[in-house]
């Protein structure tokens, strides 16, 4: 990987929003790590030793049932961090963290995270606001999964993913998409093909490319707009789209 392609900590919007003095304390302890597609970062109940700040990767937090079925409850990308349980007082997470889009993240040992949080400064304030944004995302996901069609759920999920990327391509199998939405693969296939016929996306061999974001927003339910508006209010440091 050449120097030009190495992600910088500021490529994570939360890290970029920190005051220079906080960055000076934290950045020397950051470690750049590669996140591979479909890799599990945390299993439910496993100890959390780091907080991760994605730069161009997306991590899906999934709830796993006893029978192995799963549903994505939230997405984490360059807008925030993975590991809010540490600052909430826990040492583990009840969800599985699965890499949805390969890329990079900077990780910070939990000792340095807790040390900075104890200062009751800007990092704590940002993490509190980010946690509220995640709560909104989880709540709206629950509503959407209960009341809206697979087509609308897929649109919402694609839009949330695009908000966390600097490009419009996703590498995704039908099986993975089904696990994300908690539905059968056949249902996701029909929904993806319908969106392709409408010219919103192209889909082939596990690759999705968004062609018309405006149309995708029109085809989505109101759940995406609710999450988008709340995120904009809570996280004003994010670039406007």
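Only the coordinates and a few stated rules stand behind these numbers; no lab work does. Fair warning: this is a prediction, and the values are worked out from it, not measured in the lab. With ideal geometry, Cβ positions are generated from the backbone for all residues, glycine too; neighbour counts draw on all protein chains shown.
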Placing one equal point scatterer on each C-alpha of segment 51-160 and summing with Debye, one gets log10 I(q)/I(0) at q = 0.15, 0.20, 0.22 Å⁻¹ equal to -0.70, -1.17, -1.34
Neighbour-count ranking for 111, 53, 27, 87 (other C-beta within 10 angstrom, fewest to most) reads 111, 27, 87, 53
Plugging the Kirkwood radius over Cα pairs into Stokes-Einstein for segment 104-192, at a temperature of 37 °C and a viscosity of 0.692 mPa s, what D comes out in µm²/s? 209
Per-residue Cβ contact counts at 10 Å, fewest first, order 175, 21 as 21, 175
Distance between segment 105-124 and segment 206-241 - C-alpha centres, whole angstrom: 29
In whole Å, what is the distance between the alpha-carbon centres of segment 5-68 and segment 134-165? 21
Neighbour counts of other C-beta atoms within 10 Å: give me 221, 155, 144 arranged from fewest to most. 221, 144, 155
Compactness relative to 2.2 N^0.38 Å, alpha carbon Rg of the chain: 1.00
Highest GNM mean-square fluctuation, the chain, Cα pairs closer than 10 Å: which of 17, 218, 171? 218
The chain: relative contact order in percent, alpha carbon pairs under 8 Å with at least 6 residues between: 21
Alpha carbon Rg of segment 148-231, scaled by the compact-globule rule 2.2 N^0.38 Å: 0.99
